[in-house]
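Structure first, then comments.
Please treat every number below as a calculation from the coordinates, not as lab data. This structure is a prediction, so every number in the text was calculated from the model and none was measured. Virtual Cβ from ideal backbone geometry, glycine too; neighbours counted across all protein chains shown.
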Amino acid sequence: MAIRGIDETQRTAAKVAGLVYPISFVIVVAVNFGIFARLLVGSPAENARNILAHEILFRIGIAGDMVYCVGVVVALTALYVVLKPVSQGLSLFMAFGRLIHGLTWLLATLNLFTALRLLSDADYRELGADHLPTLAQLYLSGVDAYYVGLLFWALGATVGSYLWFKSNYIPRALAVFGIGSSAWGAACTLVFYVFPNFPKVVNLWWFDTPMVIFEIVLSFWLVFRGLRLSGESPGTSAAADH
């Protein structure tokens, strides 16, 4: 279908998506590497001691993860508004892929609450001081949930990048990078499910890093350059809206 124009709702939604993604990304990186990575560093017993000794800090980390989940929902809604005129069906697929990613992250965050309750609630002490840290450790490991969600995020991002390419709202070279980096993330995740030693060949960091780079660059483009049809100047696009 031909893209005839860009309305003000799309432009506003693009700005929202461009602002929300980097802000929520910074928050989730800060809490997971600045808080959780420092508290959860040893054996189950040591992790339990760290959590109980820094319970407020641990709760701040949980709150940060919740803010990230909200950011995921806001961003996917804004992106759906932007890309719906290109293809409603594919835009829905993109949005649902990101939603499943957000839900798996939310599940991992709820598991952190469960671990904290096991360790701090007196009602669970009858399970034994030796068993509680081990049981809590099961809930503290959110790696599996993340890589389940990553597949759907990557698939949604691949479709979304195709829509960016088709729409000409952003430079096509950037959209092509988005397609390749997102498809790469999905492929790596699928291989990882079948071959758990795959990270010895491709480091886990490289599963999603190219896709994250694309989304950060896209965010800055949407904030500072905005949506623009191919061959359209900023003045022309602004005049067309009025």
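Here are some notes:
- Set of lysines near Lys166 by C-alpha distance (under 19 Å), chain-local residues within fewer than 8 positions excluded: Lys84
- Span-rule helices in the chain, defined as complete DSSP H runs reaching 27 Å or more along the axis (Cα) with Kyte mean at least 0.0: 8-31, 55-83, 88-120, 143-167, 172-194, 205-224
- Exposure proxy order (Cβ contacts within 10 Å, fewest to most) of Cys188, Cys69: Cys69, Cys188
- Among the trypsin sites (Lys or Arg not before Pro) in the stretch 1-63, those placed in a DSSP loop whose Cβ has at most 14 other Cβ atoms within 10 Å are Arg4.
- Scaled against the 2.2 N^0.38 Å expected of a compact globular protein of N residues, the Cα radius of gyration of the stretch 8-241 reads 1.16.
- Spin-label model, Leu174 to Thr114: label points 7 Å out along the Cα-to-beta-carbon direction sit 4.0 nm apart.
- Length gained on full extension, Asn197 to Ser43, computed as 0.36 nm times the residue gap minus the Cα-Cα distance: 53.2 nm.
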